[in-house]
Amino acid sequence: MKSKILPLQLQDLQYRVGDLDLLGPINLTLEAKSKTLVIGPNGAGKSLMLKLCHGLLKPTSGRISWMGGDSLAADRHQSFVFQHPIMLRRTALENVAYPLKIRGLPSDERKARAIEVLELTGIAHLADRPALKLSGGEKQKLSLARSWVTRPEVLFLDEPTANLDPRSTYDMEKLIDQIHQTGTKIIMTTHDMAQVRRIADELCFIHQGKLIEHGPVETVLEMPKNPMTAAFVKGELLI
Ligand SMILES: Nc1ncnc2c1ncn2[C@@H]1O[C@H](COP(=O)(O)OP(=O)(O)OP(=O)(O)O)[C@@H](O)[C@H]1O
Ligand SMILES: [Mg+2]
């Protein structure tokens, strides 16, 4: 896949609410291809960082740039999977076809692509069920399918397996890998260090709103520069 929006650059990115400094300043460049995992304790700022990158939140100062330009042109090439997926009050198939409707695709094509992605995701048998009635694991797969159908260049996933059992976690990880193999850049948060070892190419470690470390997964895990990173990856509590 030829890059349309990457690299993604965070330049002095800061997010404040009132007098609370919640995130930043962060300077970071994320390139195409690799799977980037964002790790850090609860409340570190992982979700905020992803939401700022995706344009769901506006930075207080600094900027997000895609291929050196602003975010508007990048909107249609990126997608976001939330920890708690929000489903439309429609069938699973209609949920997956919906983003294509917004993009103005004709109805036949919407349906064909939605069916294809439901099959790839292993949930074609759920196509006609009301999305709101699906189980947590099924909803999470549906949410992934709804992102995949848009063939995004960048897929953000915010703790996509946090509430899933080992089997569903395995399925989700395989699907994320399949999506990555089609050329999609993965930017994902997790708490699960075993998952980091299974999935990550590069790691960002965030603590108290600061980017403490960024680098290839082997380097961050085996030779962390910062003692806080070393403690976190060893599973010690950061107080
Ligand atoms: N609008 C807001 N007003 C005040 N505080 C906020 C706001 N949004 C986020 N925060 C705070 O910012 C911090 C970072 O939140 P964030 O959701 O990014 O954490 P996280 O690293 O994703 O944590 P978790 O692992 O629990 O998901 C938290 O302390 C949170 O309470
Ligand atoms: Mg979070």
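Odds and ends about this structure:
- Taking a Cβ cut-off of under 14 Å around Gly68, the surrounding Lys, Arg, Asp and Glu residues balance to a net charge of 0, with basic ones at +1 and acidic ones at -1.
- Fraction of alpha-carbon pairs over 23 Å apart in segment 91-222 - percent: 38 percent
- When the chain is treated as a GNM with alpha-carbon contacts under 10 Å, the residue of Leu211, Leu155, Leu132 showing the greatest mean-square fluctuation is Leu132.
- Segment 136-155 and segment 167-239 have Cα centres separated by 20 Å.
- Shape category assigned to segment 146-206 from the gyration tensor of Cα positions, a/c cut at 1.5: oblate
- Average projected area [Cα convex hull, segment 123-178], square nanometres: 4.1 nm²
- Ligands, DNA and RNA left out, the 1.4 Å accessible surface of the chain is 52% carbon and sulfur atoms.
- Exposed loop sites, defined as GluC sites (Glu not before Pro) outside DSSP H, G, I, E and B with at most 14 other Cβ atoms within 10 Å, are absent from the longest region of the chain, namely 32-235.
- GNM remark for the chain: springs join alpha carbons under 10 Å apart, and the peak mean-square fluctuation among Leu56, Leu22, Leu142 falls on Leu56.
- Placing dummy labels 7 Å off each Cα toward the beta-carbon, the span from His191 to Asn27 is 3.3 nm.
- Highest-MSF residue in the chain out of Val38, Val154, Val220 [GNM, Cα springs under 10 Å]: Val220
- Solvent exposure of segment 101-181, expressed per residue, is 48 Å² of accessible area, with all protein chains present and a 1.4 angstrom probe.
- Rounded to the nearest Hz, the phi-derived 3J(HN,Hα) couplings of segment 139-156 under the Karplus curve 6.51 cos²θ - 1.76 cosθ + 1.60 (θ = phi - 60°) are 4, 5, 5, 5, 4, 5, 4, 5, 6, 4, 4, 8, 6, x, 7, 10, 10, 8, where x marks glycine and proline.
- Calculated diffusion of segment 8-233, Stokes-Einstein form, Kirkwood radius summed over Cα pairs, 10 °C and 1.306 mPa s, µm²/s: 87 µm²/s
- Placing +1 on each Lys and Arg Cβ and -1 on each Asp and Glu Cβ, with no other charges, gives the chain a dipole about its Cα centre of roughly 680 debye.
- Under 17 Å from Lys4, Cα to Cα: aspartates and glutamates that are on another chain or at least 8 residues apart: Glu31, Asp70, Asp75, Glu153
The values are calculated or read from the model by the stated rules, or taken from the named source; none is laboratory data. Predicted model, so just to flag it, every value in this text is computed and none were measured. Cβ coordinates were reconstructed from backbone atoms using ideal geometry, including for glycine residues, and neighbour counts include every protein chain displayed. With ligands, DNA and RNA removed, areas are computed over all heavy atoms of the protein, side chains included. Shrake-Rupley method; radii C 1.70, N 1.55, O 1.52, S 1.80 Å.
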